[in-house]
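The values are calculated or read from the model by the stated rules, or taken from the named source; none is laboratory data. Quantities reported herein were computed from a predicted structural model and do not represent experimental measurements. All Cβ positions, glycine included, derive from the backbone under ideal geometry; neighbour counts span all protein chains shown. Each accessible area value is taken on the protein alone, full model and side chains, heavy atoms only, with ligands, DNA and RNA left out. Shrake-Rupley method; radii C 1.70, N 1.55, O 1.52, S 1.80 Å.
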Amino acid sequence: MSAPAETNELAYTRVLVKVSGEALMGSEAFGLHWPTIESIAADLVEARSTGAQIAVVVGGGNILRGASVAGQGLDRATADHMGMLATVMNALALEKAVEAAGCPARTLSAIPMPTICEPYARQTASRHLDRGRVVLLAGGTGNPYFTTDTGAVLRAAELECDAVMKATNVDGVYTADPKRDPSATRYERLTHDEALAKDLKVMDAAAFALAREAKLPIIVFSIREPGAIAAALRGEGRSTTVAP
């Protein structure tokens, strides 16, 4: 299936959307909440229908976060590999939801498991994007000690994306946690250097540093707002832009 024609209204035409594993839990305390997954999938399909090419990196924190279980009888490398497997499970679930919503999708894993999904290769992922498929990139970087945020920026740089879109539970980057501090204010725009200097926790320092080196903008917005991904593609909606 070929990609829809691109429009001139888009601020970004090839993007990588980073979705946390926790976002897939919805109202649940663990695992997958299918209505929430369907809602996220619908937003991804809407975004692809604008003509943009959409890659997705999803975390695994709803199932297992490697860094949090390391030391509990597990070494960090083993724990991180277990976390990578959790991202594959999430990507497969989101792939099926995207396809059920009417858009072709493919899961590619940095950890080869060819009986389950395709192994990640830059050229393969780029071809899928060119053909209009939503591409789910699982397995992190394939290496321990790297977060899925860093993996998302790495894949965005490899695939020559225009931006990384960080889907969170809040509508941007704030001076403090807005759920705890009512006086917190939202940044409209930051540089990568400012984000690092202020030690903002939206992404880890390695992800910010890599984005700075690759000159990749990071758009931070709320995944809870329907249509937020498509709005961000047009440069609209409430968000924070972290850019050079």
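Figures for the structure shown
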item	result
Residue among Ala211, Ala243 that is surrounded by fewer than 19 Cβ atoms within 10 Å (Cβ to Cβ), in contact with a helix residue (DSSP H, G or I) (Cβ under 8 Å, 6 or more places away or on another chain) and modelled with pLDDT of 90 or more	Ala243
Residue in the range 147-158 that is in contact with a helix residue (DSSP H, G or I) (Cβ under 6 Å, 6 or more places away or on another chain) and among the hydrophobic types (A, V, I, L, M, F, W, C) present	yes
Single unsatisfied condition, Val45 versus (1) in contact with a Cys (Cβ under 8 Å, 6 or more places away or on another chain); (2) in a loop (DSSP other than H, G, I, E, B)	(2)
Identity of the residue in the range 23-75, of a type in the set (Asp, Glu) and free of Cβ contacts under 8 Å to residues at least 60 places away in the same chain, that ends up farthest from Val170 (Cα to Cα)	Asp75
Val220 touching a Gly at 6+ places or on another chain (Cβ under 7 Å) and surrounded by 24 or more Cβ atoms within 10 Å (Cβ to Cβ)	yes
The range 27-39 - residue that is farther than 14 Å from Ala93 by Cα and not polar (S, T, N, Q) and, of those, surrounded by the most Cβ atoms within 10 Å (Cβ to Cβ)	Glu28
Residues satisfying the stated conditions in the range 163-185, i.e. open to solvent by less than 30 Å² (accessible area, probe 1.4 Å), small (Gly, Ala, Ser) and on the phi < 0 side of the Ramachandran plot	Ala163, Ala167, Ala184
Test: residue in the range 52-61 that is touching a strand residue (DSSP E or B) at 6+ places or on another chain (Cβ under 9 Å), at pLDDT 95 or above and part of a helix (DSSP H, G or I)	no
Out of Ala93, Ala105, sole residue that is among the aliphatic types (A, V, I, L, M), within 21 Å of Val164 (Cβ to Cβ) and open to solvent by less than 50 Å² (accessible area, probe 1.4 Å)	Ala105
